[in-house]
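Remarks on the structure that follows.
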Amino acid sequence: MKLPPVVSGDLSPELRAAEGFGVEIDAMPGGYVCSASFKHRLKELRVKPAAAGDLPIHKLFSKQQRAFFAERAPNGIELDDLSVLGPVAVLKLKPEVGELGRKLTVELWNYPDGSRILELSTKCDPADAFQVAAEARAYLVGNGVTLSGEQTTKTRTALEYFVANPLG
């Protein structure tokens, strides 16, 4: 479950301490989006039955995730009112990059129309964000990665694609 945008200071200490909860910044040249994510690993295969309409959508989420959604969703919108969008084929690697001294997450999102988004990311403490961003930028540019292309988040692109193409 992901909620963009959020104001980090508006989130309660209890929520921030919840297992699977995190705040992240998607930074791109020219802007950033602060998002909250609430991850939960399913104990059994439920996604396909929910996508097929054989299982209520809310059964995909933990009690804490459902409460998080209920507090922030527009009035009158329930999890079971939502539509399943997708799928998107995602390839993901987490190589250790010696020159950076940290892992770099590489995600290639392949949309049904053949378009793709490549996202490169890393994690750090908030106090180190500007230093890590500068080091990552220097590393990418130094290795021939062009950073001047169209910038968009993968979540926004997926939502826009599937709203325009509901059947993929």
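The values are calculated or read from the model by the stated rules, or taken from the named source; none is laboratory data. Bear in mind that the values here come from a model prediction, so they are computed numbers and not experimental data. Note that we place each Cβ from the backbone using ideal geometry, even for glycine, and neighbour counts take in every protein chain shown.
Couple of notes before you dig in:
- Every condition in (1) in the same structural domain as Pro126 (by TED's automatic domain parsing); (2) within 16 Å of the chain's Cα centre (by Cα); (3) surrounded by 11 or more Cβ atoms within 10 Å (Cβ to Cβ) is met by Lys92 except one, and the failing one is (3).
- Single unsatisfied condition, Lys39 versus (1) within 16 Å of Thr155 (Cα to Cα); (2) modelled with pLDDT of 90 or more; (3) in contact with an Asp or Glu (Cβ under 8 Å, 6 or more places away or on another chain): (3)
- Checking each residue of region 42-49 against the condition of being assigned to a helix (DSSP H, G or I) and within 27 Å of Glu119 (Cβ to Cβ) gives at least one match.
- Test: Glu150 is loosely packed, with under 11 Cβ neighbours inside 10 Å, touching a strand residue (DSSP E or B) at 6+ places or on another chain (Cβ under 8 Å), outside the structural domain of Gly30 (by TED's automatic domain parsing) and more than 30 Å from Ile57 (Cβ to Cβ): no
- Just one of the numbered conditions (1) touching a residue at least 40 places away in the same chain (Cβ under 8 Å); (2) closer than 30 Å to Gly149 by Cα is not true of Gly22: (1).
- Long-range neighbours under 6 Å by Cβ, at least six apart or interchain, first residue loosely packed, with under 13 Cβ neighbours inside 10 Å within region 104-131, second hydrophobic (A, V, I, L, M, F, W, C): Leu118/Leu108
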